[in-house]
Amino acid sequence: MTSFPAIKICGLTRPEDASAAAEAGADFLGVVLVPGTPRAVTPEQARGVVGGLAVPPVAVMADEPPGEAERIAVTVGATIIQLHGDESPEYAWDLGERGPWKIWKALRVKDIEDVLLGIATYGSSVDGLLLDGWHPRHRGGSGLPFDWRAVEEIRGSFPEGLQFIAAGGLRPENVEEAVRRMAPHVLDVSSGVEVRPGVKSRKKIRAFIRNARRPGRGEGS
């Protein structure tokens with residue numbers, strides 16, 4: 001059973017960082033299977049990073065053919081597939097039916113309309129919507145925040161049963177405000193707990209999780 005909010009440490013590239021995240025109380029361990037991105041690993045490498053830990057792995061992909069996405073998820077041992085490309089609702093639904101995993105769809109958010117459109121488009125086809133900061137080139141992992149105030153205003157528009165995952169620009173120093181404003185089901189952090197891309201800080205991971213679950217009593221790292 002996960003805590004609230006649940007916490008995903010993403011962009012893991014080293015087994016020691018995955019172990020540190022698990023020991024600190026992370027609920028999900030994310031690996032990026034998008035070639036050419038700063039934290040990309042192969043499916044086989046990903047299994048070596050997160051395999052053997054009692055924390056569910058999340059496989060981050062973008063625009064993979066359904067059969068290949070299924071193969072990757074099986075290789076990684078994923079419990080969740082996180083889609084960061086231009087995947088359609090039909091694609092997401094079909095992929096979800098191919099295995100025991102859940103599906104999260106990532107959205108790059110410019111304004112409140114992007115959120116409402118995402119809910120209307122994917123709300124009945126996926127298990128969760130991940131909101132990330134908008135970047136003209138990067139599909140995710142840019143470390144840019146979206147407008148938390150706008151999401152705060154329409155938070156009630158999320159259908160019951162659709163998980164809201166907050167990402168983009170989160171770090172130990174601001175995570176309490178994110179929780180207070182948006183009440184996300186899951187917090188997704190990568191660059192905010194890093195020393196450099198793909199290399200995590202044990203201290204920052206601990207501070208992030210501590211602050212996320214102790215609103216009003218924050219400690220920076």
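A quick yes/no check of all residues on (1) touching a Phe, Trp or Tyr at 6+ places or on another chain (Cβ under 7 Å); (2) without any contact (Cβ under 8 Å) to a residue 40 or more places away in the chain; (3) assigned to a helix (DSSP H, G or I); (4) farther than 30 Å from residue 120 by Cα:
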site: 17; (1), (2), (3), (4): no, no, yes, yes
site: 21; (1), (2), (3), (4): no, no, yes, yes
site: 31; (1), (2), (3), (4): no, no, no, no
site: 54; (1), (2), (3), (4): no, yes, no, yes
site: 81; (1), (2), (3), (4): yes, yes, no, no
site: 96; (1), (2), (3), (4): no, yes, yes, no
site: 105; (1), (2), (3), (4): yes, yes, no, no
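Residues are listed down the side, and each one gets a yes or a no for (1) over 20 Å from residue 121 (Cα atoms); (2) hydrophobic (A, V, I, L, M, F, W, C); (3) assigned to a strand (DSSP E or B):
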{"site": "59", "(1), (2), (3)": "yes, yes, yes"}
{"site": "67", "(1), (2), (3)": "yes, no, no"}
{"site": "70", "(1), (2), (3)": "yes, no, no"}
{"site": "87", "(1), (2), (3)": "no, no, no"}
{"site": "100", "(1), (2), (3)": "yes, no, no"}
- Note on the structure: Apart from one, (1) of a type in the set (Asp, Glu); (2) at pLDDT below 90; (3) over 15 Å from the mean Cα position of the chain (by Cα) all hold for residue 176; the odd one out is (2)
- Over the stretch 50-94, the set of residues more than 23 Å from residue 12 (Cα to Cα) and crowded, with 23+ Cβ neighbours inside 10 Å is 87
- Which condition does residue 143 not pass, out of (1) outside any strand (DSSP E or B); (2) modelled with pLDDT of 90 or more, if it passes all the others? (2)
- Item | Matching residues, the stretch 109-139, being modelled with pLDDT of 95 or more, touching an Asp or Glu at 6+ places or on another chain (Cβ under 8 Å) and in a strand (DSSP E or B) | 130
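The values are calculated or read from the model by the stated rules, or taken from the named source; none is laboratory data. Fair warning: this is a prediction, and the values are worked out from it, not measured in the lab. With ideal geometry, Cβ positions are generated from the backbone for all residues, glycine too; neighbour counts draw on all protein chains shown.
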